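Everything on this sheet refers to the single structure shown next.
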Ligand SMILES: [Mn+2]
């Protein structure tokens, strides 16, 4: 296992590579070209520049998150072929730069949804929060306005230009069923997986966040059964999963340790975080510590150890601590604490094996 840390790039993150280097046991920077729009090709030169910069701090650059999928691919429109061609070229360019894993998602319209980006907790820290009834009661425009009221940082998946036409985008999905979305994912995978195989790059689809339908949009990466169907769409180890314990963990029936064992040959990348689930369906992102939330973090790390996982694990989101000013969920302190918690569990297992 290699521990990783997501980083948004120079001038685009409150955390520096020099900061991250001081977190024990962290060898991978999970990176992306964040100025790229979905569907846009990533050029070799700009990939090389970013990789070289990150590597100059002694980090590896095996994992990219995210190369976003253009909406037309998810919708299955005729224009998708051009966007898939661009995606294939990006895969080739990333392969030539030594990248091993690409994390992507297949969520219609919204990459992730929260109703509050800085909900105050009892100890005075703040965290990302999801209020189920509020999402059921507001219009998509109201939700967009709510999320974009924090102007300090750009938010991946919440590009104002794209969301300015939110009703139009949502309307395009009116006739799209879950089966259609599975078929559109299959069409995409059948074209890109052979290229991934050639370059030994594994794609890892990130689960829906939250793992249920919002605004009646179809969702297909939310449950154990759906993950089974996805890995069977194209039978290849390069057709992988990004198992996110926080996204999947918002649904009580998702048994993360069981998924880790079942999908051990297809887990490309792991996100680990905890959420506390309220009985009414709301949830809040807590510290990584098992007792603070509803997700069995110690069992999850043990499961990765049991399967001999050699890929990258990263702490997913964290709370905002000690008056830190940062991208929502992506401060330095709580994610560093999360790493130490996870490494504690991992190292104990490792010692026991010897
Ligand atoms: Mn995640």
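What about residue 227, is it assigned to a strand (DSSP E or B) and without any contact (Cβ under 8 Å) to a residue 60 or more places away in the chain? Criteria not met by residue 227. Scanning the range 280-315 for residues that are under 14 Å from residue 130 (Cβ atoms) and either within 14 Å of the ligand (Cβ to nearest atom) or without any contact (Cβ under 8 Å) to a residue 12 or more places away in the chain (or both) yields 283, 285.
Here's a check for you: in the range 316-354, which residue that is out of contact with any strand residue (DSSP E or B) (no Cβ under 7 Å at 6 or more places or on another chain), touching a residue at least 60 places away in the same chain (Cβ under 8 Å) and assigned to a helix (DSSP H, G or I) is nearest to the ligand (Cβ to nearest atom)? For the range 316-354, the residue satisfying everything is 334. Restricting the range 261-272 to residues that are closer than 22 Å to residue 200 by Cα and in contact with a strand residue (DSSP E or B) (Cβ under 8 Å, 6 or more places away or on another chain), the residue that is nearest to the ligand (Cβ to nearest atom) is 271.
Quick grid of which residues meet (1) free of Cβ contacts under 8 Å to residues at least 60 places away in the same chain; (2) within 16 Å of the ligand (Cβ to nearest atom); (3) out of contact with any strand residue (DSSP E or B) (no Cβ under 9 Å at 6 or more places or on another chain); (4) part of a loop (DSSP other than H, G, I, E, B):
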{"position": "142", "(1), (2), (3), (4)": "yes, no, yes, no"}
{"position": "161", "(1), (2), (3), (4)": "yes, no, yes, no"}
{"position": "170", "(1), (2), (3), (4)": "no, no, yes, no"}
{"position": "198", "(1), (2), (3), (4)": "no, no, yes, no"}
{"position": "212", "(1), (2), (3), (4)": "yes, yes, yes, yes"}
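Considered as a group, the residues in the range 31-54 that are exposed (fewer than 14 other Cβ atoms within 10 Å of the Cβ) and free of Cβ contacts under 8 Å to residues at least 40 places away in the same chain include one that is farthest from the chain's Cα centre (by Cα), and that residue is 45.
Scan the range 235-256 and give yes if some residue there is part of a strand (DSSP E or B), over 29 Å from residue 75 (Cα atoms), within 16 Å of the ligand (Cβ to nearest atom) and at pLDDT 95 or above, otherwise no. Checking the range 235-256: not a single residue is part of a strand (DSSP E or B), over 29 Å from residue 75 (Cα atoms), within 16 Å of the ligand (Cβ to nearest atom) and at pLDDT 95 or above.
The values are calculated or read from the model by the stated rules, or taken from the named source; none is laboratory data. Not measured: the values here are computed from a predicted model. Positions of Cβ are backbone-derived with ideal geometry, glycine not excepted, and every protein chain shown enters the neighbour counts.
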